[in-house]
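The structure under discussion appears below in the form of C-alpha cells.
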Amino acid sequence: MNARRRTVLAAGAAGAAALATGCGSSDGDGGDANPTPSAPGEATGGAELARTGDIPVGGGTIFKEQKIVVTQPTEGDFKAFSAVCTHASCLVSTVSDGTINCPCHGSKFSITDAAVEAGPATRPLPGEQISVSGGAIRLG
C-alpha cells in the first residue's frame, strides 16, 4: 500500500509540474514570457478621453478608470499625468488651487508640470501622452 501511495503522489506531482509548465507562455522570440502591462494610455488605443470644454482652465479632471489626470494650466494648454501618487501609489483625488492632490498623505503636484509642491512625495507625477484635436482630448 505504501508503494502504491508513493506512485500516486509521484504521478500527481509530475502532472502538477506539467500543468505549471503549460501555464507559462513565450512569444517565440526569446523575449520575456511575462511582458510588463501597458501604460494607462496604451491600452485604449487613442480613445477619446474628454472634450476640451470638460477640463477647467486653471484646474483639471481625474479619470480614475484610466488612472490619468488632465489639466489645463492656461487656456488651450492641456497636460496629462499619471493619477497614481509617486509616494505610496494612491490615486489622486482632486485638482484645486493649481495643484493635483493626493488624499493619502497630502502630497500636492503642480498642474503645469506635475512637480512636487508639497510632500511627502519626492518625485513628480509621470507624464502621459494625449493629443488634442477638434475639441477632443485623446489618449496616446
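The values are calculated or read from the model by the stated rules, or taken from the named source; none is laboratory data. The shown structure was predicted, so the numbers you read here are calculated from the model rather than taken from an experiment. As a convention, Cβ positions derive from the backbone with ideal geometry for all residues, glycine included, and neighbour counts pool all protein chains shown. Side chains are part of the model used for accessible areas, which takes the heavy atoms of the whole protein and leaves out ligands, DNA and RNA. Shrake-Rupley method; radii C 1.70, N 1.55, O 1.52, S 1.80 Å.
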Subject >> Sparse-neighbourhood loop sites, GluC sites (Glu not before Pro) in region 74-140 - DSSP loop, at most 11 other Cβ within 10 angstrom >> reply: Glu75
**OP:** Rounded to the nearest 0.05, what FRET efficiency do Val57 and Leu91 give with R0 = 22 Å and r taken as the Cβ-Cβ distance? Could you check?
**Re:** 0.40
**OP:** Scan around Glu117 for amide H atoms under 5 Å from its own, H built in the peptide plane at 1.01 Å from N, and keep only partners 5 or more places away or cross-chain.
**Re:** Lys108, Phe109, Ser110
Subject >> Residues with amide H under 5 Å from that of Thr94, placed H, sequence gap 5 or more >> reply: Asn101
Original post:
Around Gly59, which amide H atoms from residues at least 5 apart in sequence, or from another chain, sit under 5 Å from its own amide H, with H modelled in the peptide plane?
Top reply: Gln72
Original post:
With the other protein chains left in place, how much accessible area per residue, in square angstrom, belongs to region 94-140 at a 1.4 angstrom probe?
Top reply: 51 Å²
Original post:
How large is ³J(HN,Hα), in whole Hz, for each residue of region 103-111 in order, when computed from phi with the Karplus curve 6.51 cos²θ - 1.76 cosθ + 1.60 and θ = phi - 60°, using x for Gly and Pro?
Top reply: x, 6, 9, x, 5, 10, 10, 5, 6
Original post:
What percentage of the solvent-accessible surface of region 48-134, computed with a 1.4 Å probe over protein heavy atoms, is contributed by carbon and sulfur atoms?
Top reply: 46 percent
